[in-house]
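Engineer: Okay, handing you the structure first.
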Amino acid sequence: MPVSEDEVKKLKVKAKEIRKDIIDTTLAAGGAHIGGALSMVEIMTILYHKYLNIRPDQPDWKDRDRVVVSKGHAGVGIAPVLAGKGYFKKDALSTFNQFQSKFGMHLDSLKVDGVDVSTGSLGHGLSMAVGLALGASLQKKPWKTYCILGDGECNEGSVWEAAMSASHYKITNLITFVDRNRLMIDGATEEIMGIEPFADKWRAFGFAVREIDGHDFTQLSRAIDKALETTGAPWVIICNTVKGKGVSFMENEVKWHYGSMNSTLADQAKADVDNAI
Amino acid sequence: MAKEITGTTWTVYDSDTLTQAEIYGRVLCDLGDRYPEIVGLSADLANSTKIGNFGKKFPDRFFNVGIAEQNLFGIAAGLAKSGMLPFVSTMAAFATMRAGEQVRTDICYQNLDVKIIATHGGVSFGPAGSTHHCTEDIAITRAFPNMTVIVPADGVETANAVKACIDRGGPVYIRIGRGFEPPYYRDENYGFEIGKAVEIAPGTDLTIIACGITVREAAEAARILKETDGLSVRVLNMHTIKPLDEAAVLKAVEETRRIITFEDHNVLGGLGSAVADVIAASGKGCAFEKVGIPDCFAIVGYPEDLYSYYSLDANAITDKVREVMGRDFEEDEDWEDEV
Ligand SMILES: Cc1ncc(C[n+]2csc(CCOP(=O)(O)OP(=O)(O)O)c2C)c(N)n1
């Protein structure tokens, strides 16, 4: 069932709130990977506020859906979402990056409730997601695994080793998203190390592929529904996104991969988020 | 025959205003003029490791392979086999662990002339957490046959090490920080030589053996201890972990009989372990302690807080020296009865 108009409205409100929390956390942290956190906000929002079967008051609940944010540097885009779900209090986010905090730039699954696996070194997440998905099948559990990859991350050979195994083992209880924001650290993905024809690569590896606007909740929900109902092949949803989405001066700016702000700039960023439709 | 390198020199001015990586980037640009066989490689970290400076100056001799460290070191091995001289830069964690086997098997096994300048060593990228800390690299690279392992004290020493590694045949691993590490050396002319420890403070009561960021802190600690405690503390800058300057360690055993190592690395396998091997094999008695990251995944925080937390800053080093001096250690002046 695709999201209703009413649901979309609510999700948009949530997404704005998450973006502002990301900005506040970046401000408090003294710097964070904000660009790639903002580009995946809609993916995170729809997962956590529509699809995931989780119990924030019981973070280790065995039958929860699992989320592997393989682009772990976007921790600043995960922690506020988890706080918003009640895994911990929002004011804990103000310790981000600070001495002895449980929140480093890359979240530690042993320290932060709601984080299913520790990531941060790129190209590890999809393999762990395949392992989780295999484990669920072996134990005949209905829970799903969701994995979010960066597009630059897809330079890593290990991503394709994992992809090969996902189709070899006919893993269909796993949905993979790629945050296709077209930028990495040193520049544009297609300039540094081109990955196109990207969808064809995934098809060649045995995946069912959808290419959508990764900021459009209706498209996201249609793609996820489709992936949840078909059982022939593993699914990848290539989400075309904008790095820095929602903050005009960050959008498509490679330098905002990692950045810090003062409070004036943070206020300006939050005003941008509020003013967006 | 060593090729003589003249030209640009690096002084405290540069070290005050530039990070280790920035100095490295500039030195490599100079070397690039002199050595047309030098090629640069990185994996989407050209800017943060500063090898990108070389890339800007010599775009045809630079390869940014994207986020693909295994491929990065494999390509470097091939380039070296073809007769080029690759300098490769990425973060220490990815150079030594993600691409560990490429470095060992493709590069060290074939004894290839590949120079690895790895940034973000130790906990210098403190807030990033364990995925980006690298407190294992000295242990790992030391165990690779043919590898030379250097941990420069600061930017000036980085310049020395990068220049010297060209004449050193085979693979060289140079581990630097994230940036912002304060300088210790005032200029380059203090006699840097791969494999030779530099005595930066004389002393007879105890020897501190340091590398990387702890060199400056140890020098400061020795100064404090002389002033406030009247202690004579020798400080060795052991910039080369492999090959280790065993003579300097043995001399310290004989002359001070108390040794403490300080390093931004796991206490297992790093500088401390290398020194311990020499002491143990000598058969001589010596009070000894290894200080570093105590075999754990380090906590999160800014590096200066972490250095203090893990007893690696001048204050903590001072305390540690007092503790070891106070330890009941049986002095035995007669070496003859020991094996
Ligand atoms: C194995 C590994 N190599 C390098 C890095 C350093 N790094 C952090 S983020 C990043 C770029 C990521 O680009 P992309 O996957 O496109 O993420 P996004 O643009 O969505 O932030 C790099 C190279 C890393 N974290 N892990």
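Engineer: Taking every residue in A:100-110, how many Cβ atoms of other protein chains lie within 10 Å of its Cβ, on average?
Structural biologist: Average per residue, whole number: 5.
Engineer: Check A:Arg66: other-chain or 5+ apart residues with amide H under 5 Å from its amide H, H built from backbone geometry?
Structural biologist: HN-HN under 5 Å from A:Arg66: A:Lys144, A:Thr145, A:Tyr146.
Engineer: Which value, in Å², gives the accessible area per residue of chain B when a 1.4 Å probe is used on the protein heavy atoms?
Structural biologist: Values: 12640 Å² over 339 residues.
Result: 37 Å² per residue.
Engineer: With an 8 Å Cα cut-off and a minimum separation of 6 or more residues, compute the relative contact order for the stretch B:130-259 in percent.
Structural biologist: Details: 223 pairs, mean separation 37.3, N = 130.
Relative contact order for the stretch B:130-259 comes out at 29 percent.
Engineer: Within 10 Å of each Cβ in B:93-99, how many Cβ atoms from other chains are there, averaged over the peptide?
Structural biologist: The shielding value for this peptide is 2.
Engineer: Right, here's the next one. Exceeding 22 Å between C-alpha atoms, which entries from my cross-link table qualify? They are A:Lys14/A:Lys140; A:Lys144/A:Lys270; B:Lys115/B:Lys163. Write down the numbers at each step before the final one.
Structural biologist: Details: A:Lys14/A:Lys140 34 Å; A:Lys144/A:Lys270 34 Å; B:Lys115/B:Lys163 11 Å.
Too far apart for the 22 Å limit: A:Lys14/A:Lys140; A:Lys144/A:Lys270.
Engineer: Oh, and also: Regarding the stretch A:5-275, what's the average projected area of the Cα-atom convex hull, expressed in nm²?
Structural biologist: Mean projected area of the Cα convex hull: 13.2 nm².
Engineer: I would also like to ask the following. Under 5 Å between amide H atoms, partner at least 5 residues away or on a different chain: which partners does B:Val291 have, H built in plane at 1.01 Å?
Structural biologist: B:Thr261, B:Phe262, B:Glu263
Engineer: Share of the stretch A:154-206's accessible area from carbon and sulfur, percent, 1.4 Å?
Structural biologist: On the way: 1210 of 2150 Å².
Its accessible area is 56 percent carbon and sulfur atoms.
Engineer: Using r as the Cβ-Cβ distance of A:Asp60 and B:Phe297, and R0 as 22 Å, what FRET efficiency do you calculate, to the nearest 0.05? Let's see the in-between values first.
Structural biologist: Values: r = 20 Å, r/R0 = 0.92.
So, using R0 = 22 Å, E works out to roughly 0.60.
Engineer: Return the aspartates and glutamates within reach of A:Lys12: Cα separation strictly under 13 angstrom, same-chain partners fewer than 8 residues apart disregarded; answer none if there are no such residues.
Structural biologist: Within the straight-line cut-off, A:Lys12 pairs with A:Glu42, A:Asp216, A:Asp274.
Engineer: Further, regarding this structure: Based on the Kirkwood radius over alpha-carbon pairs, what value in µm²/s does the Stokes-Einstein equation return for the translational diffusion coefficient of the stretch A:1-122 at 20 °C and 1.002 mPa s?
Structural biologist: Details: Rh = 14.5 Å.
D = 148 µm²/s.
Engineer: Test of understanding: what is the full-extension gain from B:Ser308 to B:Leu250, defined as 0.36 nm times their sequence separation minus their Cα-Cα distance?
Structural biologist: 18.0 nm
Engineer: Convert 25 °C to kelvin, take the viscosity as 0.890 mPa s, use the Kirkwood radius over C-alpha pairs of the stretch B:182-339 as Rh, and evaluate the Stokes-Einstein diffusion coefficient in µm²/s, rounded to a whole number.
Structural biologist: Working: Rh = 15.8 Å.
Translational diffusion coefficient: 155 µm²/s.
Engineer: For every helix of n ≥ 4 consecutive DSSP H residues, a contribution of -39,500 (n - 2.57) applies; sum these over chain B, divide by its total residues, and give [θ] at 222 nm rounded to the nearest 500 deg cm²/dmol. Don't skip to the end; give the middle numbers.
Structural biologist: Working: 12 runs with 123 residues, N = 339.
Estimated from H runs of four or more residues: -10500 deg cm²/dmol.
Engineer: I want to check the label-to-label distance for A:Asp91 and A:Met164. Put each point 7 Å from Cα in the C-beta direction and report it in nm to one decimal.
Structural biologist: In this crude label model, A:Asp91 to A:Met164 measures out at 5.2 nm.
Engineer: What is the spread of the Cα atoms of the protein assembly as shown along each of their three principal axes, largest first, in whole Å?
Structural biologist: Ordered largest first, the protein assembly as shown gives principal extents of 86, 53, 52 Å.
Engineer: Would you list which lysines come within 20 Å of A:Lys102, measuring only between C-alpha atoms, while excluding same-chain residues fewer than 8 positions from it?
Structural biologist: Within the straight-line limit of under 20 Å, A:Lys102 reaches these lysines: A:Lys71, A:Lys85, A:Lys89, A:Lys90, A:Lys111.
Engineer: Please report, in whole Å³, the volume per residue of the convex hull around the C-alpha atoms of the stretch B:12-175.
Structural biologist: Cα-based convex hull of the stretch B:12-175, divided per residue, equals 100 Å³.
Engineer: Rg(Cα) of the stretch A:63-168 divided by 2.2 N^0.38 Å?
Structural biologist: Details: Rg = 14.5 Å, N = 106, 2.2 N^0.38 = 12.9 Å.
Against the empirical 2.2 N^0.38 Å value, I get 1.12 for the stretch A:63-168.
Engineer: A follow-up question, please. Under the definition of Cα pairs under 8 Å and six or more residues apart, what whole-number percent is the relative contact order of the stretch A:204-262?
Structural biologist: Values: 63 pairs, mean separation 19.1, N = 59.
Relative contact order for the stretch A:204-262 comes out at 32 percent.
Engineer: Treat the stretch A:199-277 as a sphere of radius equal to its Kirkwood radius over Cα pairs and apply Stokes-Einstein at 10 °C in a medium of 1.306 mPa s; give the translational diffusion coefficient in µm²/s, rounded to a whole number. Each step should come with its number before you reach the end.
Structural biologist: Details: Rh = 14.9 Å.
This corresponds to a translational diffusion coefficient of 107 µm²/s.
Engineer: Go through the stretch B:310-320 residue by residue and turn each phi into a ³J(HN,Hα) via Karplus (6.51, -1.76, 1.60, θ = phi - 60°); whole Hz please, and just put x for glycine and proline.
Structural biologist: 9, 6, 10, 9, 4, 4, 5, 5, 4, 4, 4
Engineer: Mind pulling the per residue volume of the convex hull built on the Cα atoms of the stretch B:106-213? Å³ is fine.
Structural biologist: Values: hull volume 13.4 nm³, N = 108.
Hull volume normalised by residue count: 124 Å³.
Engineer: Enter the Cα centre distance for the pair the stretch B:226-261 and the stretch B:33-82, rounded to the nearest angstrom.
Structural biologist: 37
Engineer: Further question: Pop out the ³J(HN,Hα) list for the stretch A:48-60 in order, Karplus 6.51 cos²θ - 1.76 cosθ + 1.60 with θ = phi - 60°, rounded to Hz; leave Gly and Pro as x.
Structural biologist: The phi angles translate into 6, 10, 9, 9, 5, 9, 9, 10, x, 7, 9, x, 9 Hz.
Engineer: Using the per-residue mean of other Cβ atoms lying within 10 Å as a proxy for protection, in what order, highest first, do the peptides B:151-158, B:96-103 fall? Provide the component values of the computation, followed by the final result.
Structural biologist: On the way: B:151-158: 29.5, B:96-103: 21.8.
Packing order, densest peptide first, comes out as B:151-158, B:96-103.
Engineer: From the phi of every residue in the stretch A:180-197, what ³J(HN,Hα) in whole Hz does the Karplus formula 6.51 cos²θ - 1.76 cosθ + 1.60 yield, where θ is phi - 60° and glycine or proline is x?
Structural biologist: In residue order, the calculated couplings are 8, 8, 6, 10, 10, 7, 7, x, 7, 3, 6, 8, 6, 7, x, 10, 6, x Hz.
Engineer: Same structure again: Once each part is reduced to its C-alpha centroid, what is the distance from the stretch B:304-325 to the stretch B:162-179 in angstrom?
Structural biologist: Between the Cα centre of the stretch B:304-325 and that of the stretch B:162-179, the gap is 28 Å.
Engineer: Same structure, new question: Starting from the amide H of B:Asn64, placed 1.01 Å from N in the peptide plane, find each other amide H under 5 Å away whose residue is 5 or more places distant or on another chain.
Structural biologist: B:Ser42
Engineer: Across the residues of A:179-187, average count of Cβ atoms on other protein chains within 10 Å? Don't skip to the end; give the middle numbers.
Structural biologist: On the way: counts 0, 0, 0, 0, 0, 5, 8, 12, 4.
Mean shielding by partner chains, rounded to a whole number: 3.
Engineer: Give the relative contact order (percent, whole number) for the stretch A:50-195; include only Cα pairs under 8 Å separated by 6+ residues.
Structural biologist: Answer for the stretch A:50-195 is 24 percent.
Engineer: Cα atoms only, the stretch B:62-133: Rg and Dmax in Å?
Structural biologist: When restricted to Cα atoms, the stretch B:62-133 yields Rg and Dmax of 12.4, 40 Å.
Engineer: State the three equivalent ellipsoid semi-axes of chain B, derived from the C-alpha gyration tensor as the square roots of 5 times its eigenvalues, in descending order and whole Å.
Structural biologist: Details: eigenvalues 231, 79, 73 Å².
Largest first, chain B gives 34, 20, 19 Å.
Engineer: Which peptide among B:289-300, B:61-72, A:153-164, A:65-76 comes first, and what is the full order, when sorted by highest mean count of other Cβ atoms within 10 Å? Don't skip to the answer; put the middle values down first.
Structural biologist: Working: B:289-300: 19.0, B:61-72: 24.0, A:153-164: 21.8, A:65-76: 27.2.
Top of the packing list down: A:65-76, B:61-72, A:153-164, B:289-300.
Engineer: Using only protein heavy atoms and a 1.4 Å probe, how much accessible area in total is buried between A and B, to the nearest 100 Å²? Mind showing how you got there, number by number?
Structural biologist: On the way: alone 12160 and 13730 Å², together 23770 Å².
For A against B, buried area totals roughly 2100 Å².
Engineer: Could you work out what % of the accessible surface of the stretch B:163-263 is carbon and sulfur, using a 1.4 angstrom probe and leaving DNA, RNA and ligands out of the count? Kindly include the intermediate steps, with their values, before the conclusion.
Structural biologist: On the way: 1750 of 3640 Å².
Carbon and sulfur together cover 48 percent of it.
Engineer: For the stretch A:31-98 and the stretch A:222-251, write down the distance between their C-alpha centroids in whole Å.
Structural biologist: One Cα centre to the other: 17 Å.
The values are calculated or read from the model by the stated rules, or taken from the named source; none is laboratory data. Given the structure is predicted, the values throughout are model-derived calculations rather than measurements. Note that each Cβ is placed from the backbone with ideal geometry, even for glycine, and that neighbours are counted across all protein chains shown. To get the accessible areas, we keep the full protein, side chains included, count just its heavy atoms, and leave off ligands, DNA and RNA. Shrake-Rupley method; radii C 1.70, N 1.55, O 1.52, S 1.80 Å.
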